[in-house]
Each structure stands twice: as C-alpha cells, then as structure tokens.
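Input: a single structure, listed below in structure tokens.
The values are calculated or read from the model by the stated rules, or taken from the named source; none is laboratory data. Note that the coordinates shown come from a computational prediction; the quantities given were computed from them, not determined experimentally. Cβ sites come from the backbone with ideal geometry, for glycine too, and all protein chains shown count toward neighbours. Just the protein is used for accessible areas: all its heavy atoms, side chains included, with ligands, DNA and RNA removed. Shrake-Rupley method; radii C 1.70, N 1.55, O 1.52, S 1.80 Å.
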Amino acid sequence: MNIAVTSASGHLGTAIVKALLKDTKAENIVAIARTPEKAKHLGVEVRKGDYNSREDFDAALKDIDVVLLVSGMDEPQKRIQQHRNVIEAAKQNGVQKIVYTSIVGAEENNAFSPVVQSNRQTEEDIRNSGLQWVIGRNGIYIEPDLEYIDTYVKEGEIRNCADDGKCTYTSREELGDAYAKLLLEEKHHGKTYNLVGDAITQKQLAEAINKVYDTTLDYNAVSIEAYKTDRISELGEFLGTIITGIYEGIRNGDNNVHSDYAEAAGRPHKSALQLVERYHQTRVTNKK
C-alpha cells in the first residue's frame, strides 16, 4: 500500500511521516511538499505538491492508495479550493482513502471560527467524495506555548484571554502516532475522531511548565480586546486575530471536548505534564 502525506515538510507532516516509518517501509511512503528540497531529510520519495495547483497533485498522487491531507495554512476561504484540488486529484488517480487533519473548535462566535468553518467544509467534501475516509480533529498544539517559554520567563507570567477555560492540548508527535494508525488500519473508515488530550486550564499549564523547567510562572488573564490588541501589535492583523480567537475559544469552552485519541491510536494520550517533559527532553538532546 502506497501512502502519500501532503505538506510533509511542515511540523505535523514530518511527525506523521516519522510515525509511519515505525510501522511501514520507507518505499511505501511518499512525501508531498510545495518545496520538495525541504522534505528530502525524511528519507522517503518526495514529490512536488502546491495546494494551489491541481496539476501538481494530478502528478503527485499517481500510484497512491491512501493520502493524508494536512489542512493548509492559507486564509480560510482559500483553503477550501486548495483542499478540493487534492480531493479531485485523488479521485482522478484512483486513490482509495483520504485521511484529513481537521481541527476542534466552534464554527461561530470567535475570531478562529472562520478557520473551523473552512475545515468543516473540507470534511463535508471528503465525506461526499465517494472514497473511503477518516477525519481527525486536532486539539491545540502545546508546542507554541513551549517555544515561547523564554518570553514567559522574561515576563514572569503566561498572559492571555483564556481565563479559566480548559484546553485539551495535544502535540504533533502524539498526532503523528494517531494518524499513522488511521492511515494503516481499515477499522477507522468512516469515523471522525477528536484527537486531543486531557482538558487543563492555563494555570495548570503554568504549573506543568514550572515543574519541568523549574520556573515560577503565574497565569494572568486579560480581556479579549486587550489580548487582541497585543497580539496584532506583535504578529500582524491576520495571525494576531487568529491567535486571539484560539484563546477566546478556550475561554468559551470550545476546546473542552471528549477525546477519541485512545480509540484512534490504540493507546492513551500522554498527559500535559508528559508532553512538556517530552518536549524538554527532545530539546536537550538536540542541543548535545
């Protein structure tokens, strides 16, 4: 069975390819990337695939049995057609199954909702494709918070607008393991899974970071508008608004959903503390 992973040069695509390599041969995996050179390090065949080019995917999906469609990073409305380019090329090439990386979240009422809406449209397109399908709805990655630790330490706090809302954090490595199973195992066909961990508050996240990194961070909540102003100032209008929407969704309880991870991956999801420990260990190892 030949498996293709789109956006393979990105963090999630790379994690999925690495997880697949534990369970199947490299010769059965194809990495698809907009810039193929950036995926050469994966040690599998690499093909060019730009989501904006149907022609790229008409060629990239030849002789592929299963394709993992990683959700694009463009503006929400652009993503719908970009994903359709992959779906239609899959149908034309006789691909048997599509696995899609969607996301948990509310379809309305916060600034992140347009992203969720576009993902739900792709989910519908896949269900109507006539192909076998599996959909994973990813939780919020914990890595961006951990990549921000130096700033947190400098400021002495974690500050956002999530307040007491709970977030079911996951990691790209955890998702990689789950998606490898969804690609390889037939028992998941026709199912939609919430790929998330246990729900924790921002205060509990700070406690986990403090335990692993020996820091003394506090969590302090700010208003949605104050946080939005801060994020836009640092990240620009589009990304700042999206990030604010994510934490607004956490505040509203949109990310406090039940987890289907164990059913999908065949094992329990790691705890938030374990995710922080794993991230820290990996960084220490990579520095040696």
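On a per residue basis, the convex hull of the C-alpha atoms belonging to the stretch 80-224 measures out at 127 Å³.
Taking N as the number of residues in the stretch 210-254, what value does Rg over Cα atoms divided by 2.2 N^0.38 Å take? Ratio of Cα Rg to 2.2 N^0.38 Å: 1.36. The Cα trace of the stretch 34-73 gives Rg and Dmax of 10.4, 26 Å, the first to one decimal, the second as a whole number. Quick note on the stretch 146-227: its Rg to Rh ratio, both from C-alpha atoms and Rh being the Kirkwood radius, is 1.11. Roughly how tilted is helix 237-251, in degrees to the nearest 10 and between 0 and 90, from the longest Cα axis of the chain? The angle comes out at about 70 degrees. Residues in the stretch 160-288 average 49 Å² of solvent-accessible surface per residue, probe 1.4 Å, ligands and nucleic acids excluded. Summing charges over neighbours of Ile126, with a neighbour being any other residue whose Cβ is under 15 Å away from its Cβ, gives +4 when K and R count +1 and D and E count -1.
Please state, as a whole number in µm²/s, the translational diffusion coefficient that the Stokes-Einstein equation yields for the stretch 1-83 at 37 °C and 0.692 mPa s, with Rh defined as the Kirkwood radius across alpha carbon pairs. So the translational diffusion coefficient is about 260 µm²/s.
Residues whose amide H lies under 5 Å from that of Tyr169, counting only those 5 or more places away or on a different chain, are Gly197, Ile200; hydrogens are built 1.01 Å from N in the peptide plane. Working note: Karplus 6.51/-1.76/1.60 with θ = phi - 60° gives the stretch 189-204 the couplings 4, x, 10, 10, 10, 7, 9, 9, x, 6, 6, 9, 8, 5, 4, 5 Hz, where Gly and Pro are set to x.
Expressed as a whole percent, the accessible surface of the stretch 108-235 that belongs to carbon and sulfur atoms is 41, based on a 1.4 Å probe. Counting protein heavy atoms only, the stretch 1-91 has 45 percent of its accessible area on carbon and sulfur, 1.4 angstrom probe. Near Val46, the amide H atoms lying under 5 Å from its own belong to Ala31; only residues 5 or more places off or on other chains count, and H is placed 1.01 Å from N.
Could you work out the equivalent-ellipsoid semi-axes for the chain, taking the square root of 5 times each eigenvalue of the Cα gyration tensor, largest first, in whole Å?
Values: eigenvalues 207, 89, 62 Å².
Ellipsoid semi-axes (Å, largest first): 32, 21, 18.
Rolling a 1.4 Å probe over the protein chains gives Asp150 an accessible area of about 130 Å².
Residue by residue, the stretch 136-147 carries 3J(HN,Hα) couplings of x, 9, 6, x, 6, 5, 7, 4, x, 5, 6, 5 Hz when phi is fed to the Karplus relation 6.51 cos²θ - 1.76 cosθ + 1.60 (θ = phi - 60°); x denotes Gly or Pro.
Protection proxy ranking, highest mean first, for peptides 215-227, 151-163: 151-163, 215-227, where packing is the per-residue count of other beta-carbon atoms within 10 Å, averaged. Among beta bridges identified by DSSP and lying wholly in the chain, the antiparallel ones come to about 5 percent.
Extension gain Lys25-Arg283, at 0.36 nm per residue separation less the Cα-Cα distance, in nm?
Here the segment from Lys25 to Arg283 would lengthen by 90.1 nm.
For the pair the stretch 218-288 and the stretch 111-162, the centres of their Cα atoms are 8 angstrom apart. Probing with 1.4 Å while keeping every protein chain in the model, the per residue accessible area of the stretch 52-129 equals 41 Å².
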